[in-house]
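Below is one structure, written out as C-alpha cells; comments come after it.
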Amino acid sequence: MKEQREGGFLIAKIHQLSNRIFTKKLKEYGLDELNSAQGRIMFVLWREDNISIHELSKKTQLSKSTLTSMLDRLEKAGFIKRVHSSKDRREIIIKLTEKNISLQDKYVDVSKEMTKLFYNKLSEVEIDEFENYLRRILDNLIKIAN
C-alpha cells in the first residue's frame, strides 16, 4: 500500500498547468481581457444567463467576496452588467452584455482545444469514467465545505 495518495497533488498540478495553457490560448484567440478564473464565470453565464450572484457563487464554487471582486472587473471591462431582480429588489442578477456574447464563439473554440488536450489518447469510456470520478470527488468536497 502506498504511504500517501497523490490525487490532490496531481489535481493541483493539473489545475496550475491547465490555467497557464488556457491563458496562453486565450491570448492566441485575442481574448486576453479574460483570465482563466473569469472564464469559469463566463462558462456558467453562457450556459445560464440572468442568474443571481448567489446562484453564480454556487455554480462556480467561488465565495461571494471573491466573486464580487471578479464581477467588478468584468463589469468595468463591459462583459457583464448587474441589475436588480424584478421579483426582489435586494437580489442582484448578473446578465451578459453584447460584448460578452460576441466573444462566446471564440471562447468555446478555446475550450474545445483544451478538452482535446485533456483527453488526448483517452477513449470515450475512460473519459466518462474519469469525469464520473471527478464528480464524486467534488461531491465529497462540497459536503465538507458547506
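Laboratory data are not the source of any read-out in this text; all were calculated from the coordinates shown. Just so it is clear, the model here is predicted, and its values are computed rather than measured. Glycine also receives a Cβ, built like all others from the backbone with ideal geometry; neighbour counts cover every protein chain displayed.
Details
- Residue pairs, from the table K58/K106; K24/K112; K25/K116; K27/K121, whose Cα atoms sit over 24 Å apart: K58/K106; K27/K121
- Over segment 10-121, equivalent-ellipsoid semi-axes from the Cα gyration tensor in Å: 26, 16, 12
- The chain: calculated mean residue ellipticity at 222 nm from DSSP helix runs of at least 4, using -39500 (n - 2.57): -22500 deg cm²/dmol
- Contour minus Cα-Cα distance for N120 and N140 (0.36 nm per residue): 4.5 nm
- Each Lys and Arg adds +1 at its Cβ and each Asp and Glu adds -1 at its Cβ; summed about the Cα centre, the chain shows a dipole of about 480 debye.
- Degrees separating the helix 36-47 axis from the principal Cα axis of the chain, which is the longest one: 70
- Projecting the Cα positions of S102, S18, T66 onto the charge dipole of the chain (unit charges on Cβ atoms of Lys, Arg, Asp and Glu, taken about the Cα centre) puts T66 furthest along the positive direction.
- You can think of it this way: the chain between S18 and I127 has 37.5 nm of extra reach, that is 0.36 nm per residue less the Cα-Cα gap.
- Extension gain for I53-R82 works out to 9.5 nm (0.36 nm per residue, less the C-alpha to C-alpha distance).
- Mean Cβ neighbour count within 10 Å, used as a protection proxy, ranking 14-21, 133-140 highest first: 14-21, 133-140
- Only Cα pairs under 8 Å and 6+ residues apart enter the sum, and on that basis the relative contact order of the chain stands at 19 percent.
- For the residues N35, N100, N120, a GNM of the chain with alpha-carbon springs under 10 Å puts the largest fluctuation on N120.
- Placing unit charges on each Cβ (+1 for Lys and Arg, -1 for Asp and Glu) gives the chain a dipole about its Cα centre, and among S86, L122, I142 the Cα reaching farthest toward its positive end belongs to S86.
- In this simple spin-label approximation, E113 and R73 carry label points 7 Å from Cα along the Cα→Cβ vector, and these lie 2.1 nm apart.
- For segment 4-57 and segment 115-146, distance of Cα centres in Å: 15
- Going from the fewest other Cβ atoms within 10 Å to the most, the residues E75, E131 appear in the order E131, E75.
- Model label zone, F43; criterion: amide N under 12 Å from point 7 Å along Cα-to-beta-carbon; scope segment 11-35: 15, 18-19, 22-23
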